[in-house]
1. Do you know which of the residues in region 47-81 that are acidic (D, E) and free of Cβ contacts under 8 Å to residues at least 12 places away in the same chain is surrounded by the most Cβ atoms within 10 Å (Cβ to Cβ)?
2. Please tell me if A36 is modelled with pLDDT of 95 or more and either in contact with a helix residue (DSSP H, G or I) (Cβ under 9 Å, 6 or more places away or on another chain) or farther than 21 Å from S98 by Cα (or both).
3. Scan region 15-30 for residues that are in a helix (DSSP H, G or I) and surrounded by fewer than 14 Cβ atoms within 10 Å (Cβ to Cβ) and jot them down.
4. Might you let me know whether region 18-37 holds any residue that is under 23 Å from G94 (Cα atoms) and not hydrophobic (A, V, I, L, M, F, W, C)?
5. Do we have any residue at all in region 38-46 that's within 23 Å of L86 (Cα to Cα) and in contact (Cβ under 8 Å) with a residue 24 or more places away in the chain?
6. Give me the pairs: first residue in region 82-94 and touching a residue at least 40 places away in the same chain (Cβ under 8 Å), second residue surrounded by 13 or more Cβ atoms within 10 Å (Cβ to Cβ) and part of a helix (DSSP H, G or I), beta-carbon distance under 6 Å, and six or more apart or on different chains, which are they?
7. Would you check if E33 is charged (D, E, K, R) and surrounded by 12 or more Cβ atoms within 10 Å (Cβ to Cβ)?
8. Please work out if G96 is modelled with pLDDT of 90 or more and in a helix (DSSP H, G or I).
Amino acid sequence: MTSLHSWLGMITICLFGLQWLLGFFSFVFPGAEMSARGSYRPWHVFGGLAIFFLAISAAQTGLLETSIFLELGLSQEGLIVNFTALLLFLFAVGVGLSSVLPRGRY
């Protein structure tokens, strides 16, 4: 655990496990009350988005770390890494927008 990439990845994995356990006991477990489910739902959504953006950040820092370590620069491999990072960023923006914009009822 010597880089930001490894720290972000470990935090993401730990928070994902915690989110999974809390979600299981709140939504799947038959003993949970409906009022508790309703009060936990916004926190569950927020936690899911936070974990998603942490995972994107871990992937971005991993790509950057690899690019710097291999000294890719503007080579063909470097352009592929940069394009992948850009697509990850656009994917994160799309997911963020789709989760916060109001949904129409169809």
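The values are calculated or read from the model by the stated rules, or taken from the named source; none is laboratory data. For clarity, every value in this text was computed on a predicted model and none was experimentally measured. Because the Cβ atoms are built from the backbone with ideal geometry, glycine has one as well, and the counts that use them run over all protein chains shown.
1. Here is the first cut: in region 47-81, the ones acidic (D, E) are 65, 71, 77.
Filter again for free of Cβ contacts under 8 Å to residues at least 12 places away in the same chain, leaving 71, 77.
Working: E71: 8, E77: 13.
Step by step, filter region 47-81, then rank; the result is E77.
2. Values: modelled with pLDDT of 95 or more: no; either in contact with a helix residue (DSSP H, G or I) (Cβ under 9 Å, 6 or more places away or on another chain) or farther than 21 Å from S98 by Cα (or both): yes.
Criteria not met by A36.
3. Here is the first cut: in region 15-30, the residues in a helix (DSSP H, G or I) are 15-28.
Listed by number, the residues that qualify are G17, L18, W20, L21, F24, F25, F27, V28.
4. To start, the set of residues in region 18-37 that are under 23 Å from G94 (Cα atoms) comprises 19.
Filter once more, so that each one left must be not hydrophobic (A, V, I, L, M, F, W, C): 19.
Yes, the conditions are met somewhere in region 18-37.
5. Of all residues in region 38-46, those within 23 Å of L86 (Cα to Cα) come to none.
No, every residue in region 38-46 fails to be within 23 Å of L86 (Cα to Cα) and in contact (Cβ under 8 Å) with a residue 24 or more places away in the chain.
6. A92/I56
7. Numbers: charged (D, E, K, R): yes; surrounded by 12 or more Cβ atoms within 10 Å (Cβ to Cβ): no.
Here the answer is no, as E33 does not meet what is asked.
8. Numbers: modelled with pLDDT of 90 or more: yes; in a helix (DSSP H, G or I): yes.
Taking the combined requirement at face value, the residue satisfies it.
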